[in-house]
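Each value in this text was obtained by applying a stated rule to the coordinates, not by laboratory testing. Bear in mind the structure is a predicted one, so any value in this text is a computation, not a measurement. Heads up, the Cβs are rebuilt from the backbone with ideal geometry, glycines too, and the neighbour counts pull from every protein chain shown.
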Amino acid sequence: MAEYLVELYVAQGDHLAAQQHAESAERAGVELTREGRPVRCLSSIYVSEDETCFLLYEADSADLVEEAIQRAGLRHDHISEATSSPLLVAAASAAAHHLMKHPSKRGTTMTVTTDYSELRDKQQKVWSSGDYNRIAHITVPVSEHLVDQAGVMPGNYVLDVATGTGHVALAAARRGAVVHGMDYVPELLDIATRRAAAEDLDIEFVEADAESLPYGDGSFDHVFSAIGVMFAADHAKAASELVRVTRQGGKISIASWTPEGFVGGMLAAVGRHVSPPPGAQPATRWGSEAVVAELLGEGVEDVSSVTASVRQNFRSPEEFADLFLTYYGPTYSAANRLDEEGRAALRADLVALAKAFDQNTGEGIECNWEYRIVTATKR
Ligand SMILES: C[S@@+](CC[C@H](N)C(=O)[O-])C[C@H]1O[C@@H](n2cnc3c(N)ncnc32)[C@H](O)[C@@H]1O
């Protein structure tokens with residue numbers, strides 16, 4: 001998918017109109033996505049004194065963005081491909097370019113709709129909801145794979161970012177590494193601590209935010225995140241923190257669900273029923289080597305990736321749907337925001353997803369959940 005920047009005329013000072021345009025643009029995107037033509041309005045910036053509202057879209061083509069704009073009943077001046085990252089910087093720099101063309105319009109005020117701290121609080125609540133521990137076992141093989149491929153050695157300093165109940169931290173500590181794990185959900189860290197104690201493993205777990213790691217520069221030989229950092233609110237900030245705390249020559253290894261895999265389908269289903277908060281970037285972007293390479297930036301080299309999948313068995317598609325609607329934060333909290341009819345529709349989509357991925361091996365259902373491991377070396 002590419003990112004597109006759309007420019008709309010909005011009269012000076014009409015913040016309400018800009019807000020309404022952003023909301024209709026987002027709604028039109030959700031509708032088209034629901035119809036099988038994925039297009040998403042990611043954020044908006046209103047440059048009041050320049051009488052322009054910029055909408056940042058993600059879609060396969062500019063035509064789809066054009067259609068979303070028309071469906072939202074908006075008239076636009078211009079659509080262009082936004083190639084730089086992070087997304088808001090792209091939008092902001094386009095706004096700045098616009099201003100450079102009109103130097104008389106100095107002193108412009110901007111309304112930026114993405115507030116990462118608000119988004120982070122919302123997402124922290126999502127991961128604290130449900131009961132993630134009840135389904136955390138699904139990523140044990142992913143974490144083992146991640147640690148195996150990195151070649152952790154006894155005595156290596158290792159960090160597990162967004163450790164949850166501690167799979168990667170435990171796997172690395174079993175290999176004799178000196179391990180730290182962090183997450184922003186204390187209840188999950190309590191479980192991780194109990195698991196480490198049960199195996200007499202000495203792991204330091206701390207409650208912290210992946211976007212502001214409480215460790216010094218270059219502290220670790222290996223920095224890992226298994227299906228974790230992909231859920232940070234500010235992708236660019238979280239990626240820069242991974243690079244900062246890795247020592248020169250140290251390795252960063254990140255496992256993420258892919259957009260085209262099972263969990264990509266599950267998160268897309270959630271997005272069709274409940275609009276993501278404004279400015280939220282799709283977590284499965286991290287399932288692309290190119291995106292992770294861009295996020296990690298100039299501070300790393302030798303970026304490579306492997307794609308694999310983890311097998312999941314359930315008694316039935318319905319059992320899978322109910323398990324995830326009860327215990328998995330993103331589906332649980334989406335279901336809580338819907339009325340009875342909406343919940344039934346979300347459940348039906350999850351059941352259909354499980355049926356579509358079923359390998360038809362016989363009893364129950366068996367699905368392969370695809371993930372991608374991207375590794376990089378700190379320069
Ligand atoms: C799907 S779980 C994976 C947990 C663990 N790595 C595993 O494989 O079981 C995602 C985890 O990311 C954590 N997380 C997401 N964003 C975070 C952030 N900004 N800071 C710290 N933890 C975060 C959540 O609390 C949750 O524990």
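Below, the figures for the structure above:
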item: On Cα atoms only, tilt of 15-34 relative to the major axis of the chain in degrees; result: 60 degrees
item: Relative contact order for the chain, counting Cα pairs under 8 Å that sit 6 or more residues apart, in percent; result: 15 percent
item: Degrees between helix 87-101 axis and first principal axis of the chain (Cα, 0 to 90, nearest 10); result: 30 degrees
item: Radius of gyration, Dmax [the range 259-379; alpha carbons; angstrom]; result: 16.7, 53
item: Lysine-lysine proximity count for the chain, Cα under 23 Å, sequence distance 8 or more or distinct chains; result: 5
item: Helical contribution to [θ] at 222 nm, DSSP H n ≥ 4, -39,500 (n - 2.57), averaged over the chain, rounded to 500; result: -13000 deg cm²/dmol
item: Orientation-averaged projected area, Cα convex hull of the chain (nm²); result: 19.4 nm²
item: Packing-based ranking, highest mean first, of 259-265, 335-341, 349-355 given that Cβ atoms within 10 Å are counted; result: 259-265, 349-355, 335-341
item: Charge dipole magnitude, Cβ of K and R +1, D and E -1 - the range 121-378, Cα centre, debye nearest 20; result: 160 debye
item: Nearest-ten-degree value, helix 140-150 long axis tilted from longest Cα axis of the chain; result: 90 degrees
item: Whole-angstrom gap from the range 220-290 to the range 1-78, using each part's C-alpha centre; result: 25 Å
item: Summed residue charge, Cβ within 15 Å of GLU187's Cβ, Lys/Arg positive, Asp/Glu negative; result: 0
